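The values are calculated or read from the model by the stated rules, or taken from the named source; none is laboratory data. Remember, it's a predicted structure, so these values are computed and weren't measured experimentally. Glycine also receives a Cβ, built like all others from the backbone with ideal geometry; neighbour counts cover every protein chain displayed. The accessibility values were calculated without ligands, DNA or RNA, using every heavy atom of the protein model including side chains. Shrake-Rupley method; radii C 1.70, N 1.55, O 1.52, S 1.80 Å.
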Amino acid sequence: MHILVTNDDGIYAPGIFALQNALRGIPGARITIMAPDQNQSTVGHRKTLREPLRITPVTLTDGVGGFACSGSPADAITLALSGYLTEKVDLVVSGINSGPNMGQDITYSGTVTAAMEACIMGVPAIAFSLDQYSDFDFNHAARFAARLVPVFARQVFPPLTLLNVNVPAGVPKGVKITRQGKRLYYDTLIDRVDPSGRPYYWIGGGVPGGVYDDPGTDLWAVNQGYISVTPIELDMTAHNLIAAIGGWGLDFDGADG
Ligand code: MN
């Protein structure tokens with residue numbers, strides 16, 4: 001089993017090192033690390049099509065080799081799977097992210113969009129994130145990854161679906177299979193003036209919150225101290241609205257002028 005390990009925090013982040021280290025313990029697993037050369041958190045599913053990309057072989061702690069690439073996490077996956085790696089990749093594992101990716105975070109997250117890019121390219125994928133904002137301890141998340149990955153690898157998972165895993169801080173109480181919950185963001189506009197008198201802006205605000213009292217959601221499970229495993233599908237169609245919108249009577253005849 002050839003596993004491609006990636007992340008969005010950058011190839012030198014501690015979370016990816018902990019992840020690849022744990023996955024090396026899976027019997028029969030061969031690991032390739034290819035990840036952004038810088039922190040690419042919150043870039044979403046950015047794909048670089050209008051500038052060149054570079055790939056640099058690097059050596060991490062303990063002599064572990066990897067490939068650092070310019071561009072986004074999705075770029076790393078595209079580069080790896082479209083020919084840079086000559087050996088077929090069986091599974092992509094992304095993370096372990098420093099910080100959670102729950103609710104609507106997954107639309108911003110490079111950790112999750114790397115997994116999305118993999119499943120768009122037909123390779124099964126899992127994203128792992130740790131619900132902690134400082135003093136990161138990846139131990140439990142890494143051990144759970146080493147437990148989940150071989151189980152996942154034996155499944156026939158439908159196309160365009162992936163697993164999004166969030167691990168609580170501290171010792172997990174267990175595992176809950178969940179659905180996406182609702183995040184609450186507290187973005188604020190910080191309006192300043194640069195030394196030449198021109199205004200500039202920061203998007204500020206605190207750590208996001210969320211609806212934690214909705215049982216069965218990712219936010220609920222992690223807030224209760226459980227590991228959350230959420231199956232995600234890339235079909236974003238609101239299927240239950242198709243009939244309703246069909247009833248709006250929309251029509252268009254190009255010859256109407
Ligand atoms: Mn990140």
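Would you calculate the volume per residue, in Å³, of the smallest convex hull containing every Cα atom of the chain?
Per residue, the Cα convex hull of the chain comes to 216 Å³.
Give me the net charge of LYS47's neighbourhood, meaning all other residues with Cβ under 15 Å from the Cβ of LYS47; Lys, Arg count +1, Asp, Glu -1.
Every neighbour counted, the sum reads -2.
Rounded, prolate or oblate: which fits the range 46-189, taking a ≥ b ≥ c as square roots of the Cα gyration tensor eigenvalues, rounded meaning a/c under 1.5, else prolate when a/b beats b/c?
Cα axes put the range 46-189 in the rounded bin.
I want to check the label-to-label distance for ARG147 and LEU234. Put each point 7 Å from Cα in the C-beta direction and report it in nm to one decimal.
Going from the ARG147 label point to the LEU234 one covers 3.0 nm.
If I take the Cα coordinates of the range 24-70 and project them onto the principal axes, what are the three extents in Å, biggest first?
In descending order, the Cα extents are 39, 19, 16 Å.
Write down the percent of antiparallel bridges among all DSSP beta bridges whose residues are both part of the chain, to the nearest 5.
Of those bridges, close to 45 percent are antiparallel.
Return the distance in nm (one decimal) between the two label points of a simple spin-label model at ILE190 and ILE177, each offset 7 Å from Cα along Cα→Cβ.
4.3 nm
If you take every DSSP beta bridge whose two residues both sit in the range 128-239, what share of them, in percent to the nearest 5, is antiparallel?
Roughly 65 percent of the beta bridges in the range 128-239 run antiparallel, per DSSP.
Of the options GLN180, LEU130, ILE190, report the single residue whose Cα projects farthest towards the positive end of the charge dipole of the range 115-192 (beta-carbon charges: Lys, Arg +1; Asp, Glu -1).
Farthest towards the positive end: GLN180.
To the nearest 20 debye, what is the magnitude of the charge dipole of the range 1-115 about its Cα centre, counting +1 on the Cβ of each Lys and Arg and -1 on the Cβ of each Asp and Glu?
Around 200 debye, computed over the range 1-115.
Hey, what does the equivalent ellipsoid look like for the range 156-211, semi-axes from the Cα gyration tensor as sqrt of 5 times each eigenvalue, largest first, whole Å?
39, 17, 11
So how much slack lies between GLN38 and ASP256, counting 0.36 nm per residue of separation and subtracting their Cα-Cα distance, in nm?
Full extension of this stretch gives 73.2 nm more.
Size of the range 90-144 along its principal axes in angstrom, Cα-based, largest extent first?
For the range 90-144, the Cα extents along the three principal axes come out at 35, 25, 13 Å.
Below 8 Å between Cα atoms, with a sequence gap of 6+, how large is the relative contact order for the chain in percent?
Relative contact order for the chain comes out at 17 percent.
Excluding ASP214 itself, what net charge comes from residues whose Cβ is under 12 Å from its Cβ, given Lys and Arg +1 and Asp and Glu -1?
Here the count lands on +1.
Extending each Cα 7 Å along its Cβ direction at MET1 and THR86, get the distance between those two points in nm, one decimal.
The answer from the label model is 2.5 nm.
Residues of the range 104-158: accessible area per residue at 1.4 Å, in Å²?
It amounts to 44 Å² per residue over the range 104-158.
Taking the Cα centre of each part, how many Å lie between the range 98-117 and the range 1-67?
Taking the Cα centre of each part, the range 98-117 and the range 1-67 sit 16 Å apart.
I need the peptides 21-30, 129-138, 51-60 ranked by packing, meaning the mean over residues of other C-beta atoms within 10 angstrom, with the highest value on top.
129-138, 21-30, 51-60
Per residue, how much accessible area does the range 161-229 have with a 1.4 Å probe, in Å²? Please list the in-between numbers first.
On the way: 4040 Å² over 69 residues.
Computed with neighbouring chains in place, this is 59 Å² per residue.
Can you tell me the length gained on complete extension of the stretch VAL58 to VAL156, counting 0.36 nm per residue apart and subtracting the Cα distance?
31.9 nm
Using a 1.4 angstrom probe on the protein heavy atoms only, line up SER82, SER228 by accessible area, largest first.
Descending order: SER82, SER228.
Order of 7-15, 245-253 by packing, highest average Cβ count within 10 Å first?
7-15, 245-253
Tell me, what % of the accessible area of the chain is carbon and sulfur with a 1.4 angstrom probe?
Whole-percent figure for carbon plus sulfur exposure: 55.
Between the range 229-256 and the range 185-227, how far is it from one alpha carbon centroid to the other, in angstrom?
Cα centroid to Cα centroid, the span is 30 Å.
Based on the Cβ-Cβ distance from HIS140 to TRP248, what FRET efficiency comes out when R0 is 45 Å, to the nearest 0.05?
The computed FRET efficiency comes out at 0.35.
Please give me the summed charge of the neighbours of ALA68: other residues whose Cβ is under 10 Å from its Cβ, Lys and Arg +1, Asp and Glu -1.
On the way: positive: ARG54; negative: ASP37.
Value of the local net charge: 0.
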